[in-house]
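The values are calculated or read from the model by the stated rules, or taken from the named source; none is laboratory data. Please read these numbers as outputs of a predicted model, since none were measured by experiment. A quick note on method: Cβ atoms are made from the backbone with ideal geometry, for glycine too, and the neighbour counts reach across all protein chains shown. Each accessible area value is taken on the protein alone, full model and side chains, heavy atoms only, with ligands, DNA and RNA left out. Shrake-Rupley method; radii C 1.70, N 1.55, O 1.52, S 1.80 Å.
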Amino acid sequence: MAPVNRFRHDFALDPFQETAFAAIDAGRSVLVAAPTGAGKTVVAEHAIDVALNAGGKVFYTTPIKALSNQKFADLRAVLGADRVGLLTGDNAIRGDADVVVMTTEVLRNMIYAGSSNLDGLEFVVLDEVHYLQDAYRGPVWEEVIIHAPPSIRLVCLSATISNADRLAAWIETVRGPTDVVTEWRRPVALYNHYLVADRLADSLQQVPTLVDGRPNPHGTEYDSDRLRGPRGTRGRPRHRFRTPRRLEVVEHLDDRDLLPAIYFVFSRNGCDEAARSVVDAGVRLTSPDERRRIRALVESATAHLSDHDLDVLGYDRWLHGLEQGIAAHHAGMVPAFKEAVESCFVQGLAKAVFATETLALGINMPARSVVIEALTKFTGETHEFLTPAEYTQLTGRAGRRGIDDVGHALVLWSPFVGFGQVAALASSREFELRSAFRPTYNMAANLVRRYDRGEAHRLVNSSFAQFQADTTVVQLEARRADLTRLLARADAEAQCDRGDVEEYRRLVVEAAGDHRGATPAHIVDAIARMKPGDVFRAAAPHGRLAVLSVGFRSGGAVKLRAVTTQGRVRNLTADDFDRLPDVIGEITLPTPYRPHSASFCREAADELRRARVRSGRRGGPRPYGGKGRGAHHRRSHEDQLDHPVARCPDRGRHLRALERGDRLRRELADLDRRVGGHHQSLSARFDRVLEIMVARGFAEGWQLTERGELLRRLYHESDLLVCEVLTDGMLDGLDADDLAGLASCLTYEHRSRVPPAPPRFPNARLRDRYGEIEARAKALVAEELTRDLPATRPPDATLVAATRAWAKGAPLEQVLEHDELSPGDFVRNMKQLIDLLRQVGEVAPDASTRDAAREASRRLFRGVVAAAVALPGGAHDDEPDAGSEPE
């Protein structure tokens, strides 16, 4: 039956898309790194076609709920409602469908839970995979890549990054054949401009930033901006150039037919003020028909909000600005307002949107032009210059495919940034992706439950972070996985249904008397069994030697590296022995383990001289020149033994498999020592995480306690602290309203540069309980700092009173008056809190606490909070979805 192409496009495929298609058709995973709007999604659609034609399933993951909703709507329009599902913390629609869209956190939780939904899964699409560098969300991508069942192929879609080859090499190391497809060419050419206000000409000058791909040679003229002639007020020199005002920029764009535009301002207040000032200046960018369409879209987006809430949110003034074609867009707005702005912009109705950089992250809102007001942004502590990757992300919105021939990016003149810095950003292609992976408590709990210690360490050391820090460790871990599979096969071949092959081999060796009759194979096996630190006696003049390392060459040869008491290093092979070497003692080798280091060898020789050893057999092994007797001697001993294995026709195959297994075990042990010698490995950090879990009662050895089992099911930034709060009863005995208020201290984080007001507690019980949580958090942080681990974010009581009031039914106006919190921030925090309360309602040890948590989440889910959660197209949340895996 011919394959079905469900996704039809009215354009020819680009070469990079054809290359990616070929990789998928060849049964490989693929990483596609391409600019915004280049058509990466077409590759994912091809994977969906391939999977559905084979009768399989596809999971399409996105970093945020808004993108999940948008992608769900897109796929449902093509494939039909019955074949597409959606799983986020807000919505669970057809989770068993052929194609399921979800946030990456949901998939991570499924994998850890061993969900049956993974059965029949052919592909996982990891959209926006460059998010793995995000400090909070990033580790989830790596967890999915590492832990997903081996049979699943990945389709990774990324913004353009300069180290895509390295990322693909890591994916191939941990998952198997992976092709990297990189496209640097934008589908719509981008023109970079420098926009300057010139006082002499009383106008704005727009000049190209780059000429023939290089900085405009005349650009530096704008760095010397002092005017000659009379001085200004108070004798200060007058400046010829200044930063263009926002109103001037919008009028300039309108005059040059460069609208619609996204105008990036790295401040929420700045966005609101910019939109307000342009509207107040009387600018109107829309026609009467466009204004009617805008009003219809707005009324649809805000239909779930009450008139009272709309009044509180300043609806009339906001709608007036949007009808003029002007709006702000940032996380401080309620989702309904953001959705309306996006809908209007996509349909070409909103002409100038003043936005923070969050608009550049994933939402499909291309523009003809992008304006960057400043090349620095405040991070909460300092002002930092935009990176080339951030600049590319912002300007990637410029140019609408199929509408615009070119896109335009304009950077405004600033007295603090020279033209050379602007040109360097515009021409740079250094967009290196850096991993943010780190072991968390929840991750550790899941690893302990699912794997043994060695496998858990291997998985942690298989991260992209470790690959970037030390490629050798990841390669060693991959080699270890291969050797483990070979060892299992050798052990199976060494089994004989007539008897114990190991016992038979031991009798063969003993039959050789004083071991002088040992065959070359037995000597190789004996050397392979030796380990670093073993002491054996050699013929004069060398005396005792200590093993430094045991190496394995192709064909099964073994190389022994040893040191004498005089510090001389000797390299030995099986040909240097005429009988089995006899271990007479053991020393502790120096750390770190560096057997080829001269200082390491000297320290080992010192240990050897001090070591106390037992007497060896008279004559000892004779190294340097002795030879074995040959196969006929081995056969004579084997044939004379009265053992069931001696009569097995496959005796030789069993013995060879047994020797091969011993050799593989030695090589595995050597790999483990080499990995252990890399002190920067993430497994060492993982061990420190486990130390805290053991110290605080979440694990005993390599076994989870009851508290640890609860931790395994909690997905939260402060997972261990939340688990302690639950298991120690700090949320017990509270009604739903008090529990909602107190739990808010575990989700809220004050981010403004202005310090928050002192927290207000509605009653003494909440104040006392918060004190207990705060003390517990301080003790945990002290332990983390002692072990050089990141500190758990402390609880924040700022929102306790407002949250409790909202749970009790207070109107929005009253709640927002309690604290200086924007409506959008309030909605986002309530959604995060609801997610936590839903988890508490599932895992809390106390039944009454579970009931109170569920009731609290129900009470919080109303008004503007409930309106933010609608079917696809209505949910806008730039926070990760940490909800537990749906049934």
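Multiplying the sequence separation of Val694 and Asn269 by 0.36 nm and subtracting their Cα-Cα distance, what value in nm do you get?
Numbers: separation 425, 0.36 × 425 = 153.00 nm, distance 4.64 nm.
Using 0.36 nm per residue and subtracting the Cα-Cα distance, I get 148.4 nm.
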statement: Once the dipole of the chain is set up from charges on Cβ (+1 Lys and Arg, -1 Asp and Glu), the residue from the list Val144, Ala699, Ala775 lying farthest towards its positive end is Ala699
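Using a 1.4 Å probe over the heavy atoms of the protein chains, calculate the carbon and sulfur portion of the accessible area of the chain as a whole percent. Please list the in-between numbers first.
On the way: 17730 of 38360 Å².
The computed percentage sits at 46.
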task: Quick one: accessible surface of Val754, probe radius 1.4 Å, all protein chains present, in square angstrom to the nearest 10.
output: 80
Two-site label geometry, Glu18 and Ala189: point separation in nm, points 7 Å out along Cα→Cβ: 2.3
- prompt: In angstroms, what radius of gyration and Dmax does the stretch 141-220 have, counting Cα atoms only?
  reply: 21.7, 68
- prompt: Could you give P(r) for the chain, binned at 20 Å from zero, as whole percent values over all Cα-Cα pairs?
  reply: 12, 36, 31, 15, 5, 0
query: Quick one: what Rg and Dmax do you get for the stretch 294-334 from the alpha carbons, in Å?
result: 10.0, 25
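Where nothing but the Cβ of Lys and Arg (+1) and of Asp and Glu (-1) is charged, how large is the charge dipole of the chain around its Cα centre, in debye to the nearest 20?
So the magnitude is around 3680 debye.
Antiparallel as a % of all DSSP beta bridges within the chain, to the nearest 5? Working shown, then result.
Values: 37 of 88 bridges.
Among the beta bridges of the chain, antiparallel pairing accounts for roughly 40 percent.
Please report, in debye to the nearest 20, how large the charge dipole of the stretch 727-833 is about its Cα centre when each Lys and Arg carries +1 at its beta carbon and each Asp and Glu carries -1 there.
140
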query: With a ≥ b ≥ c the root eigenvalues of the C-alpha gyration tensor of the stretch 22-134, is it rounded (a/c under 1.5), prolate (a/b larger than b/c) or oblate?
result: rounded
statement: 1/(1 + (r/R0)^6) with r = Cβ-Cβ of His239 and Val406, R0 = 41 Å, i.e. FRET efficiency to nearest 0.05, evaluates to 0.80
query: With the dipole of the chain worked out from charges on the C-beta (+1 for Lys and Arg, -1 for Asp and Glu) around the Cα centre, which of Ala598, Ser224, Ser752 lies farthest toward the positive end?
result: Ala598
message: Contact order normalised by length for the chain, with contacts defined as Cα pairs under 8 Å and 6 or more residues apart; what percent is it?
response: 13
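Could you report the chain's accessible area per residue, 1.4 Å probe, as an integer in Å²? Don't jump to the answer; show the numbers that get you there.
Details: 38360 Å² over 887 residues.
Here the per-residue accessible area is 43 Å².
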query: What is the spin-label model distance, in nm, from Glu709 to Asp497 if the labels are put 7 Å beyond Cα along the C-beta direction?
result: 4.1
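Report the FRET efficiency, 1/(1 + (r/R0)^6), for Ala481 and Asp119, where r is their Cβ-Cβ distance and R0 is 25 Å, rounded to 0.05.
On the way: r = 24 Å, r/R0 = 0.94.
Working from the Cβ atoms, E equals 0.60.
May I ask which of Lys71/Lys351; Lys65/Lys831; Lys40/Lys351; Lys65/Lys338; Lys40/Lys71 have a Cα-Cα span longer than 20 Å here?
Values: Lys71/Lys351 25 Å; Lys65/Lys831 12 Å; Lys40/Lys351 27 Å; Lys65/Lys338 14 Å; Lys40/Lys71 13 Å.
Where the Cα-Cα span goes over 20 Å, the pairs concerned are Lys71/Lys351; Lys40/Lys351.
Taking 0.36 nm per residue of sequence separation and subtracting the Cα-Cα distance, how much length would be gained by fully extending the chain between Ala281 and Phe7, in nm to one decimal? Could you put the intermediate results ahead of the total?
On the way: separation 274, 0.36 × 274 = 98.64 nm, distance 4.65 nm.
Using 0.36 nm per residue and subtracting the Cα-Cα distance, I get 94.0 nm.
Please find the FRET efficiency linking Asp452 to Glu430, where r is the Cβ-Cβ separation and R0 is fixed at 45 Å, and quote it to the nearest 0.05. Kindly include the intermediate steps, with their values, before the conclusion.
Values: r = 41 Å, r/R0 = 0.92.
So, using R0 = 45 Å, E works out to roughly 0.65.
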Listed residues Ile93, Ile523 arranged by accessible area, highest first, probe 1.4 Å: Ile93, Ile523
statement: With T = 20 °C, eta = 1.002 mPa s and Kirkwood Rh from C-alpha pairs, the Stokes-Einstein D of the stretch 77-215 in µm²/s is about 116
task: Quickly work out the Asp606-to-Thr786 label distance, labels modelled 7 Å from Cα along the C-beta direction, and quote it in nm with one decimal.
output: 3.1
- line: Taking the dipole of the chain about the Cα centre (Lys, Arg +1; Asp, Glu -1; charges at Cβ), the one of Ala113, Leu195, Ala164 that reaches farthest to the positive side is Ala164
query: What ranking, highest mean first, results for peptides 729-738, 436-445, 44-53 when packing means the other Cβ atoms within 10 Å averaged over each residue?
result: 436-445, 44-53, 729-738
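When N is the residue count of the stretch 407-503, what does its C-alpha Rg come to as a fraction of 2.2 N^0.38 Å?
Numbers: Rg = 25.4 Å, N = 97, 2.2 N^0.38 = 12.5 Å.
Ratio of Rg to 2.2 N^0.38 Å for the stretch 407-503: 2.03.
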